[in-house]
1. Considering segment 563-598 alone, what residues qualify as being in contact (Cβ under 8 Å) with a residue 24 or more places away in the chain and exposed (fewer than 15 other Cβ atoms within 10 Å of the Cβ)?
2. Given (1) buried (at least 16 other Cβ atoms within 10 Å of the Cβ); (2) within 30 Å of Tyr574 (Cα to Cα); (3) at pLDDT 60 or above, identify the lone condition not met by Asp101.
3. Can you work out which of the residues in segment 473-485 that are surrounded by fewer than 22 Cβ atoms within 10 Å (Cβ to Cβ) and of a type in the set (Lys, Arg) is nearest to Phe398 (Cα to Cα)?
4. Scan segment 266-284 and tell me whether some residue there is touching a Phe, Trp or Tyr at 6+ places or on another chain (Cβ under 7 Å), surrounded by fewer than 17 Cβ atoms within 10 Å (Cβ to Cβ), at pLDDT 85 or above and in a strand (DSSP E or B).
5. Just to verify a result, which residue in segment 296-313, among those that are among the charged types (D, E, K, R) and surrounded by 13 or more Cβ atoms within 10 Å (Cβ to Cβ), is nearest to Ala336 (Cα to Cα)?
6. Restricting to segment 195-221, and then to whatever is outside any strand (DSSP E or B) and of a type in the set (A, V, I, L, M, F, W, C), can you tell me which residue is surrounded by the fewest Cβ atoms within 10 Å (Cβ to Cβ)?
7. Cβ-Cβ under 6 Å, sequence separation 6+ or interchain: first residue in segment 321-345 and more than 24 Å from Glu361 (Cβ to Cβ), partner at pLDDT below 95 and among the basic types (Lys, Arg). Which pairs?
Amino acid sequence: MDKVILNRLNLNSVDGAQLNIDALYRIAPSVFTEALDPKTGKVVRKVDFEALRALLGDNAVDGDCESYQFTWVGKNAAKTEAARSINKTLRLVPEDSVDWDNTKNLYIEGDNLEVLKLLQRSYLGKVKMIYIDPPYNTGNDFVYDDDFARTAAEEDLEAGNIDELGNRYRKNTDSNGKFHSDWCSMIYPRLMVARSLLMEDGVIFISIDDNEVRNLRNICDELFGEGNFVAQIPWRKRTAKSDVPFGVSQDYEWTIVYAKSNLFIASIEGKERKYYETPDFPNRPWRVHDMSTQRTALERPNSDFTMINPKNGKEYPVNPQAVWRVTKEGFPQYIAENRIVFPGDYDFLNISKPVLRYWKEDDIKKAGDTFGRIAVSTKLDDNIGMSQDGTKEITSLFEGKVFSYPKPSSLIKFYLRIINDNSAIVLDFFSGSATTAHAVMQLNAEDGGNRKYIMVQLPEETNEDSEAFNAGYKTIPEIGKERIRRAGKKIKEESPLTTQDLDVGFRVFRLDSSNYEEVSISPKDYKQDQLQLFADNIKQDRTDLDLLFGAMLAWEVTLDLPMTSETVDGCTIYTINNGDLVACFSEGITDKVVTAMADKTPLRVLFRDSCFTQDAQKINIYEQFKQLMDWTDDEAFKSIKVI
């Protein structure tokens, strides 16, 4: 039997290029061939560009021909950075968390690009909605200092701020020659990685002002597809000012909305679409729509006719002040296509006049137009609130002004209603004061929803002269976490009878370097006391739970799942979600420990490599799990891994 019988878990983040290759292989396997990878010596799939070009025919563009494109200085580097794998981890911070054992919400501190990469395996295609309020590039806002051409040493010499984890942020002043380029390079890779986390019917909302709205639209057209543009929603942030450039008060900002695909369908409270599935139209859900218009018989004389049900001859006269949507000439075609539903056709429909039938498949194709009509026609100014309302909201919670210009939670609640999914995972990776988390909890309290949030925020320091700093909040995450605590408490106090089961907790994680020491030189070059690194390279300050949650990220297990632990024969067994992952990092694993782990019918089994002093132990455990779980060799190899 092979000496290395247990598979080693890949703990690096996803390789973005590999994700693209896998996606291409699913739709066009014929353009791939096999070739030897010089790095690993293994045979891997490679793209045959000549085969790809032949497949595309005349739809391929030569690199030297003129074509429409949007570019800036640093774009290629931004693309490369989005695809680059990283070797970091998220470490749990239970002391900052609330209701750790039961909550489904996450708050993560760290550079959002790196955090998004770490979330890719576990949350790929699972997020329904993303809302972000990124830096607006006014010349005063911080941008993430992602100059990918510089070395780490050069970054340390940067005049701006840097923390112990290497997080970088600085002001992007308008005197900078790459003022717009730097902002584009900052937002591009983050949106590129974030898109992969969205469900196929997911959607992203991005708040932006006039400075970068044009560039943001161009970037989103490229990353999401121009056809997936949903709407550009105006939001009134303030009342008009008189002393402004050119005499025009810029009172509005924008929310740019893009869908992941045409599967997204927007809705809004009171206008949700109900689809029916009936035996006469299998696998074709449909809804109904009023047949009347707002036009008179004088305006649309060809729609002024009495409609007759061909099944029973019953007549339905037209209202001259609200004629039919269908013309007299088009009526027979609508009947032939089953587009008209008459009273009595279905017992569950309470209708007194004919209505139109709309197929869900047609709604999906027209999702963007539908969204635009619903959202833009809504009175945002009256219902959503302005910037001052967001400031009042957080000031009231903290009894002081600890954060400037937050969005009002009512704005985010409006967007949450649009997605019409009360169990959605909602991501905000520029979370600031955690308005999105506040909005999720508030809406769950109002409609009984079970939405979950993931907040991500760089640990920016507060200004030493600020009210927040003087109140004891040294970083933005400290403000965000405290806001969630206070908002959750307030929501429960205001509705104690209806919020008993409301999830107002959150698990805190913090971006950190890898759990493992780098072992990159030959054992002969190490001192005697360093040789143990080759047997166990886990850092001294890392706990079992650090290893467990790091492995969950690497092995496609979400971070919100419940965890239990038990001791068997002196060994600690950790179980995630009743068997999604079962792990043991203790030494001296016995047959009884293996049996206890197998009794949980695990999908994944994880050990620490140092648990075994001999290869014979690995082989024995491998064979035990095969027998106890009735696994084949291939199933055992995929299901049992070591770190």
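1. Residues satisfying the conditions are Glu566, Asp569, Thr572, Glu587, Asp591, Lys592, Thr595.
2. (1)
3. Arg485
4. Yes, there is a match, as at least one residue in segment 266-284 is touching a Phe, Trp or Tyr at 6+ places or on another chain (Cβ under 7 Å), surrounded by fewer than 17 Cβ atoms within 10 Å (Cβ to Cβ), at pLDDT 85 or above and in a strand (DSSP E or B).
5. Asp304
6. Going through the qualifying residues, I end up with Val213.
7. These pairs meet every condition: Val323/Arg295; Val323/Arg300.
Every residue, every condition in (1) among the polar types (S, T, N, Q); (2) surrounded by fewer than 17 Cβ atoms within 10 Å (Cβ to Cβ); (3) more than 20 Å from Pro279 (Cβ to Cβ), yes or no:
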| site | (1), (2), (3) |
| --- | --- |
| Trp324 | no, no, yes |
| Thr327 | yes, yes, yes |
| Pro332 | no, yes, yes |
| Glu337 | no, yes, no |
| Phe348 | no, yes, no |
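The values are calculated or read from the model by the stated rules, or taken from the named source; none is laboratory data. Remember, it's a predicted structure, so these values are computed and weren't measured experimentally. Glycine gets a Cβ as well: all are built from the backbone with ideal geometry, and neighbour counts include every protein chain shown.
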